[in-house]
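Take a look at the structure below.
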Amino acid sequence: MRARAVRLFGLRPQVIPGVLIALLLLTLASSTPAFAAKKMQLQASYTGGGTSIELSGRVFEPNNASVSNAVISIQVTNPQGTSIGVAAVYSDNQGLFGVSFPLTPNYAGGNYTAYLVAEKAGYDTARQNLSFTISQPDFSMECSACSLTLEQGATGFVTVTVLSLRDFKESVNVTAIDTPQGVTITSNPQSLIPSGTTTITVSASFTAPAGNYTITILGVSGSLTHRVTMQLTIKQGPIQANLSLMSVGTGTAILLLAALGLGLRSRGRRKQKEAALEDLLKQASADSGYVATARVIARLEELRAMGKIDESTYERLKREYEKRLERSR
């Protein structure tokens, strides 16, 4: 009975120690020893906002089983390679973890890197390097109805909205460029911290040239610049239209007066000629003697030289009085 109790799988008691030693050697020589550390994997992602870097992820085994209570060490560096924060968090029962790194107001935009290391007793160390891009805080400008039609001498208004992007909190100066001649543009307020609105006042003088113009509304904050465009149409005002009509009327009146003056002058000259001729005829009819007729012919030559008698009348009268002069001899 005792000999039968010490038998192991039909082996004699003397053989058992050798078998145990052989099993131990086989175990040590095996590529997958019974006490080997388990494999562990780490996955993380960037879910940051405008004021912080938000990182989240999960620790799990190759078969997707969650690994809880793993210690995840995290370091984040900025585009210059300088560390901006270090943290250590634990994974929960689902293997999940999360951490937040605040950003300073003047943080640099560019490529950031997060170095993550997960560790737990009985598991291999898991690592992940996560790169992501963060944009710098900024602002944008909008103008929902950026078109304006004004008559000369009129004033109009448009509203420009300045929006904050990624928690931008710096002052933005709003001005207008490409302003046409005779147009004044102001903004109220001229400077504001987004998000907010400013009223653009556009005033066209009476001398502003009519036409279509494109005006640029510029927003400047430090090295950041954004713009929106406004379409401006200037039409001729009623005062200018009346002045134009008056100008046309005045010009016409001047021409009429000039023509009238020329007509009156011509008429006056004609009357002077008629008067001179009438005097000459009276003189000739009063005395028909030789000397008087010769005097009339001399007077006729004088009137011709002075332009007080036209050529055809001069020739007609000259022939007539020369014949009378011959008869009176």
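We did not get these values from a lab; they are worked out from the coordinates using the rules stated. A quick note: this is a predicted structure, and the numbers were derived from the prediction, not measured. Quick reminder, even Gly has a Cβ in these numbers, built from the backbone with ideal geometry, and neighbours come from all protein chains shown.
Please list, in order along the stretch 203-220, the HN-Hα scalar couplings obtained from phi with the Karplus expression 6.51 cos²θ - 1.76 cosθ + 1.60 (θ = phi - 60°), rounded to whole Hz, x for Gly and Pro.
10, 9, 6, 5, 9, 5, x, 5, x, 10, 9, 10, 10, 9, 9, 10, x, 10
Please list, in order, the residues from the stretch 130-158 whose amide nitrogen is less than 11 Å from a point placed 7 Å along the Cα→Cβ vector of residue 231.
Inside the label zone: 146-149.
Which ³J(HN,Hα) values in Hz, rounded to whole numbers, follow from the phi angles of the stretch 36-42 under the Karplus curve 6.51 cos²θ - 1.76 cosθ + 1.60, where θ = phi - 60° and Gly and Pro get x?
Listing the rounded values in order: 5, 5, 7, 7, 9, 10, 9 Hz.
Could you please state, rounded to a whole Å, how far the C-alpha centre of the stretch 186-242 is from the C-alpha centre of the stretch 142-185?
5 Å
Any chance you could run the full-extension gain for residue 161 through residue 69? It's 0.36 nm times the residue separation minus the Cα-Cα distance, nm to one decimal. Walk me through the numbers on the way to the answer.
Values: separation 92, 0.36 × 92 = 33.12 nm, distance 4.94 nm.
Full extension from residue 161 to residue 69 adds 28.2 nm.
About the Cα centre of the stretch 139-236, what is the dipole size in debye to 20, counting +1 per Lys and Arg Cβ and -1 per Asp and Glu Cβ, all else neutral?
Dipole about the Cα centre, nearest 20: 20 debye.
Taking 0.36 nm per residue of sequence separation and subtracting the Cα-Cα distance, how much length would be gained by fully extending the chain between residue 125 and residue 113, in nm to one decimal?
Computed gain between residue 125 and residue 113 is 2.4 nm.
Can you check what the net charge comes to around residue 103, using other residues whose Cβ is under 11 Å from the Cβ of residue 103 (Lys, Arg +1; Asp, Glu -1)?
Once positives and negatives cancel, what remains is -1.
Sequence-distant or interchain residues sharing an amide H contact under 5 Å with residue 237, placed H: which?
Distant-sequence amide H within range of residue 237: 152.
Between residue 61 and residue 188, what length in nm is gained on full extension when 0.36 nm per residue of separation is reduced by their alpha carbon distance?
That pair, residue 61 and residue 188, stretches by 39.5 nm at full extension.
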